[in-house]
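Comments concern the structure below.
The values are calculated or read from the model by the stated rules, or taken from the named source; none is laboratory data. No experiment lies behind these values; they were computed from the predicted model shown. A quick note on method: Cβ atoms are made from the backbone with ideal geometry, for glycine too, and the neighbour counts reach across all protein chains shown. Ligands, DNA and RNA are stripped out before the accessible areas are found, and what is left, the full protein with its side chains, is counted by its heavy atoms. Shrake-Rupley method; radii C 1.70, N 1.55, O 1.52, S 1.80 Å.
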Amino acid sequence: MTELVSLDDVRAARELLAEVTRTTPLEPFRPLSAALGGPVWLKCENFQRAGSYKVRGAYVRISRLSAAERERGVVAASAGNHAQGVALAAGLVGAHSTVFMPVNAPLPKVVATKGYGARVELVGATVDESLVAAQTYAERTGAVLIHPFDHRDVIAGQGTVALEILEQCPEVRTIVTGVGGGGLVSGMAVAAKALRPDVRVIGVQAAGAAAFPPSLVAGEPVRLPDFSTIADGIAVGRPGDVTFTHVRKLVDEIVTVTEEDISRALLMLLERGKQVVEPAGAVGVAALLAGAVDVEPPVVAVLSGGNIDPLLMLRVIEHGLAAAGRYLRVTVRCSDRPGQLASLLRQIAEHRANVVDVEHQRAHPHLRLGEVEVALSVETRGVEHSDTLISALRASGYQVSIAPEA
């Protein structure tokens, strides 16, 4: 039976981190406060050193290594945030670090990890595959494996986030955070339940990489046959053995959110909260925004990381706009005669929608002679505005089809 991390363990971890990590701010988030009928706060771990909470657990683990272990160096596997945390922590204690990352890891995370002094190896399509490579490397070289979540020191370090929350918002009733392998939610639950048993701790997973729900049903960690999500930071195929025990005993609920939910949350955080957050860091807000869980305010949602690839941000913003009904892709079939395209664009302009791009298609087997198909990307003010525009175009005789999301 796995012994649970204790409140004393978390407090000891906080002492170790006193001169290393930042006490990140707790910011009010009025858009969700209004929707939920009570205060919602954002715990901004996206402002933490190395851009996420991961440095907390990584430093606690590495700082407790013996001199001989540090001499052998450390190795880790990560999609990016744990990688940066390990690289930074290893540098602070004078240990060499090697990090295995998936081949499709976001370039900014790879560059940042190297910048903190780690040697980076790109191996495998997922963190799980990178972890196998890291374990093999540890066995071959004697380097100490710094697991991204399944170790007591790591869990204790992540639990310091909850200590800060309880001090910053003593009246908190619900804490919501993203879940991958379970290190953060486990540590936070340890601290929260010890100090405030009435506080509900809720974990959120991306629906495309949700290993905890089937594991909790089975009563043991279950590996997903496949998984995929834009939230690379929580794309983990199997809960840890240690974290699973903590989640089963201490966490009140695990819920899931869709890619659309995550995109909407990222867009809201950027527009209304002025927060740059990566997809994994936004899933708590996504669950609240989507109504995926019943909560009692005051609520604190943890923004666990802000290390987002700018190219992914562009795609996510576009996806979020589309999910919110503010970015419309349509195809319009009409007669191929002079002035028809100008007339179509004029009508769109009259409805105060903005055309982003236009593709004019004449030669296609499904078009009749004398027909043309126009593919349009249009910015609107929301679902109601989009519906009004489509209705108006159809009333004018255009054949309008809404293009599916890519």
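Dipole magnitude for the chain: about 520 debye, using +1 per Lys or Arg Cβ and -1 per Asp or Glu Cβ, origin at the Cα centre. For Cα pairs less than 8 Å apart in space and 6+ apart in sequence, what is the mean separation divided by the residue count of the chain, i.e. the relative contact order in percent? Once divided by the residue count of the chain, the mean separation gives 15 percent. Using θ = phi - 60° in the Karplus curve 6.51 cos²θ - 1.76 cosθ + 1.60, the 3J(HN,Hα) couplings for the range 11-25 round to 5, 5, 4, 5, 4, 5, 8, 3, 9, 10, 9, 9, 7, 6, x Hz; x is entered for Gly and Pro. Rolling a 1.4 angstrom probe over the protein heavy atoms with all chains in place gives the range 1-68 an accessible area of 46 Å² per residue.
For the range 1-143, the Kirkwood hydrodynamic radius from C-alpha pairs, put into Stokes-Einstein at 25 °C and a viscosity of 0.890 mPa s, yields a diffusion coefficient of 148 µm² per second.
Tell me the relative contact order for the range 28-161 as a rounded percent, counting alpha carbon contacts under 8 Å between residues six or more apart. Worked out over the range 28-161, it gives 27 percent. On a 25 Å Cα-Cα criterion, which of the cross-link pairs 249/274; 109/249; 43/114; 54/109; 43/274; 109/274 come out too long? Checking Cα-Cα distances, 249/274; 109/249; 43/114 exceed 25 Å.
Kirkwood radius, the range 258-349, all distinct C-alpha pairs, inverse of mean reciprocal distance: 15.3 Å.
May I ask for the net charge around residue 162, where only other residues with Cβ less than 12 Å from the Cβ of residue 162 are counted and Lys, Arg are +1 while Asp, Glu are -1?
Taking every Cβ under 12 Å from that of residue 162, the sum is +3.
Using all pairs of distinct alpha-carbon atoms, the Kirkwood hydrodynamic radius of the range 70-192 works out to 15.1 angstrom. Annotation: aspartates and glutamates with alpha-carbon distance below 12 angstrom to residue 193 (same-chain offsets under eight excluded): 252. Expressed as a fraction of 2.2 N^0.38 Å, the C-alpha radius of gyration for the range 294-400 is 1.43.
For the range 275-351 versus the range 72-106, the spacing of their alpha-carbon centroids is 33 Å.
Pick out which of 233, 181, 91 has the largest mean-square fluctuation in a Gaussian network model of the chain, springs linking Cα atoms closer than 10 Å. The residue that fluctuates most here is 91.
For residue 305, the amide hydrogen comes within under 5 Å of the amide hydrogens of 46, 278, 281, counting only partners 5 or more places away or on other chains and with H modelled in the peptide plane.
If you take every DSSP beta bridge whose two residues both sit in the chain, what share of them, in percent to the nearest 5, is antiparallel?
45 percent
Per residue, how big is the convex hull around the C-alpha atoms of the range 136-181? Give it to me in cubic angstrom, could you?
Measuring per residue, one finds 85 Å³ for the Cα hull of the range 136-181.
The HN-Hα couplings worked out from phi for the range 27-35 by the Karplus form 6.51 cos²θ - 1.76 cosθ + 1.60 (θ = phi - 60°) are 10, x, 10, 4, x, 7, 4, 5, 5 Hz, whole numbers, x standing for Gly and Pro. Rounded to the nearest whole Å², what accessible area per residue is found for the range 177-332 with the 1.4 Å probe? Per residue, the range 177-332 has an accessible area of 34 Å². Atom-type composition of the exposed protein surface of the chain places 51 percent of the accessible area on carbon and sulfur (1.4 angstrom probe).
Which whole-number percent of Cα pairs in the range 168-243 have a distance greater than 14 Å?
Tail of P(r) above 14 Å: 62 percent of Cα pairs.
When the P(r) of the range 197-329 is calculated, the portion above 17 Å amounts to 59% of the C-alpha pairs.
Each of the peptides 22-33, 346-357, 305-316 was scored by the mean count of other Cβ atoms within 10 Å over its residues; in descending order, highest first, they stand as 305-316, 22-33, 346-357.
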